[in-house]
Amino acid sequence: MMGMPDYVPELLMSLSERFGLILAAAFAIMTLAPMDKLGLNRRAAPTGKLVQVVLFGMFGVLGTYTGNHVFQSYANLRAMGVITAGLLGGPVVGFGAGLVAGGHRLLIDIGGFSAIPCALSTLLEGTAAGIVSQTIKGNSLNWRVALTLGLVGESVHMLLVLAMSRPFADALALVQLIAVPMIVVNSLGAALFVEALYLQIRMRDKRDSGQVQQILSIANQSLAHLRSGLSIASAQATARIIFERVPVAAVAITSSTEVLAHIGAGSDHHVPGKPFRTGATHRVLATGQPIFSTGREVIGCDKPDCPLASAAVIPLKKSGEIVGALKLYGTEDAPLDQMRFELAKGLADLFSTQLELEDIQVKNQLLAHAEIRRLQAQINPHFLFNSLNTIASFCRTAPQQARDLLLDLALYMRQNLDSSRGLIPLADELDQVRSYLAIERARFGERIRSEIDLEPGTENWLIPPLIIQPLVENSVKHGIQGREQGGVVRLELARENGHLRVAVCDDGVGMDEAVVERLLADGGVESPKEGIGVRNCNLRLLQLFGPDYRMSIDSRPGSGTRVEFRIPKAGHLH
């Protein structure tokens, strides 16, 4: 070995080169689609956490193999991987990655004079980074924090080697040789690793934000056409809107038996009004499963010179039945990618919901009870478009929140549309209530606050659909929105003498006695100004369960409102 002063720069250069290779490999791996689905963030599901532990633990293992053996030990880059793991995934991921990398270090050198302190320091660095990440508000992937953790962690590493390795003379010589290169490269490496990961996540979020905004723009313009149902005219208009806004070779929409619209490449033989010609469409309609194919054989068009070389075929559903398919096509010169497939799935979900609107309009004419018809008619288009505008405003600033709100809106609409399915579990109704409140909180911020006091074990109690959500909506719109400072909507749900007692309370503007009497009247047409759904809900309770189950309303101007009623166990219908 050359003299110690001469070897330090060489070791520093060698570690730097190895770091560059590890960082390049890490960045390549983390851009793969499966990793994107698992989620590289602190809120990842348990499966995602496990993947983070394994991935960054392996980066730590790779950091051990730098090719630099010094005094029967290893000049290594483990710290940068486990510190990044802790800052990204929190204490559990930091500890897990540190355990993988540190355990590997111990196993490959059992009995080595520095094996224990090296393994212990790796575990401590990952765990400490995870604990620090919990104290950081907002983004924990901060290169300054990573740099500091690297400097402190590797300094502690050197102290542990001095304190625990014997003979001490060898430990001192080892530290004198590797301390500066390892502290410098691991600290800078952790900072660059964290910054690279942060940029990769930003790129992903920007891409997702653009996709959500694109879906909302298309949905806004196509909803009016699909409201009348799935026909050649509505399909042609919808396909044209998509084709003009999404860079694909062709867009097609089919019913369960024929082509309704086909715009773009292949339109000479994929003709509206004729049976569809692709095997992929037949498979999707038969199985209900989306298909993303990148070969002519999989698409299965019976015309040999068909230009369509890749396809995303997504089923359209109405009331659980498959009624058609949305298809995006690519050619060899302009193939489809995974992002277009995800875009197609998002559009198909929204289109399916809108098609149910048309189905509900038909059902409304056949329902026996006028109360149910009025509830279904109260799917307010203003609420829908206000919600879409709210979601669109979050697309660039908070894409994750935009995605969550989009799911809330889809759940709210589906639950709102299906009020003819008899009794439903209380949990289903509360899911719709939570979705509605999430959307309203996104619109009005802290002016809308809510509390749900649910007695455990009542989640499966069967109740009429749309019996609680309209009351919550009434409390928000006509109660707490009337106060400049907003207010709180509170739900109380508990068993009482063999019944489910439901109370919807707010601390809003309240009502006078005359308004309360009108709301509880047995007949007459409900005015939206008197509270959306309150009279409908009361009349439905009377029809289903009898006069003993009418609502009670306690309200005074300026003192809020409390609406209360009981629901018997299933089977005790009037």
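The values are calculated or read from the model by the stated rules, or taken from the named source; none is laboratory data. Owing to the predicted nature of the structure, the values given are computational and were not obtained by experimental measurement. Cβ placement follows ideal geometry from the backbone for every residue including glycine, while neighbour counts extend to all protein chains displayed.
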**Prompt:** Residues in region 105-126 that are closer than 23 Å to Val184 by Cβ and either of a type in the set (Val, Ile, Thr) or surrounded by fewer than 16 Cβ atoms within 10 Å (Cβ to Cβ) (or both): how many?
**Reply:** 1
**Message:** For region 81-99, check the following and say yes or no: at least one residue is over 21 Å from Glu195 (Cα atoms) and at pLDDT below 85.
**Reply:** no
**Asked** Take the residues of region 101-152 that are assigned to a helix (DSSP H, G or I) and charged (D, E, K, R): which is modelled with the highest pLDDT?
**Response** Glu125
**Message:** Condition check: among the small types (Gly, Ala, Ser), more than 14 Å from Arg78 (Cβ to Cβ) and in contact with a strand residue (DSSP E or B) (Cβ under 9 Å, 6 or more places away or on another chain). Does Ser165 satisfy that?
**Reply:** yes
**Message:** So, Arg166, is that one among the basic types (Lys, Arg), over 26 Å from the mean Cα position of the chain (by Cα) and not in a helix (DSSP H, G or I) or not?
**Reply:** yes
**Complete:** Taking region 547-564 and the residues there that are in contact with an Asp or Glu (Cβ under 6 Å, 6 or more places away or on another chain) and not in a loop (DSSP other than H, G, I, E, B), the one that is farthest from Val476 (Cα to Cα) would be Ser552
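For (1) over 27 Å from the mean Cα position of the chain (by Cα); (2) under 22 Å from Ala410 (Cα atoms); (3) among the basic types (Lys, Arg), each residue gets a yes or a no:
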residue: Ser231; (1), (2), (3): yes, no, no
residue: Ala235; (1), (2), (3): yes, yes, no
residue: Asp302; (1), (2), (3): yes, no, no
residue: Leu308; (1), (2), (3): yes, no, no
residue: Gly320; (1), (2), (3): no, yes, no
**Pairs where the first residue, in region 510-521, is more than 18 Å from Val472 (Cβ to Cβ) and the second is surrounded by 11 or more Cβ atoms within 10 Å (Cβ to Cβ) and of a type in the set (Asp, Glu), C-beta under 8 Å, 6+ apart** = Val515/Glu530; Arg518/Glu530
**Message:** What's the total number of residues in region 539-569 that are in contact (Cβ under 8 Å) with a residue 60 or more places away in the chain and closer than 16 Å to Gly510 by Cα?
**Reply:** 4
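I'd like to know if region 1-10 contains one or more residues that are modelled with pLDDT of 65 or more, of a type outside the set (Val, Ile, Thr) and more than 25 Å from Arg403 (Cα to Cα).
Just the residues of region 1-10 that are modelled with pLDDT of 65 or more, to begin with: 9-10.
Subset that is of a type outside the set (Val, Ile, Thr): 9-10.
Of the ones still in play, those that are also more than 25 Å from Arg403 (Cα to Cα) are 9-10.
Yes, because at least one residue in region 1-10 is modelled with pLDDT of 65 or more, of a type outside the set (Val, Ile, Thr) and more than 25 Å from Arg403 (Cα to Cα).
Yes/no per residue for (1) buried (at least 20 other Cβ atoms within 10 Å of the Cβ); (2) out of contact with any helix residue (DSSP H, G or I) (no Cβ under 8 Å at 6 or more places or on another chain):
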{"residue": "Gly445", "(1), (2)": "no, yes"}
{"residue": "Ala494", "(1), (2)": "no, yes"}
{"residue": "Val504", "(1), (2)": "yes, no"}
{"residue": "Arg518", "(1), (2)": "no, no"}
**Asked** Counting only residues that are surrounded by fewer than 20 Cβ atoms within 10 Å (Cβ to Cβ) and of a type in the set (A, V, I, L, M, F, W, C), which one in region 447-462 is nearest to Leu409 (Cα to Cα)?
**Response** Ile452
**Prompt:** Leu343: more than 24 Å from the chain's Cα centre (by Cα), assigned by TED's automatic domain parsing to the domain that holds Ala235 and part of a helix (DSSP H, G or I), yes or no?
**Reply:** no
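Do any strands (runs of 3 or more DSSP E) lying entirely in region 428-526 carry at least 1 residues that are over 23 Å from Leu539 (Cα atoms) and under 30 Å from the mean Cα position of the chain (by Cα), and which ones are they?
The strands (runs of 3 or more DSSP E) meeting that bar are 448-454, 487-496.
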**Item:** Matching residues in region 137-169 - criterion: being buried (at least 23 other Cβ atoms within 10 Å of the Cβ) and farther than 18 Å from Ala119 by Cα
**Value:** Ser140, Leu141, Ala146
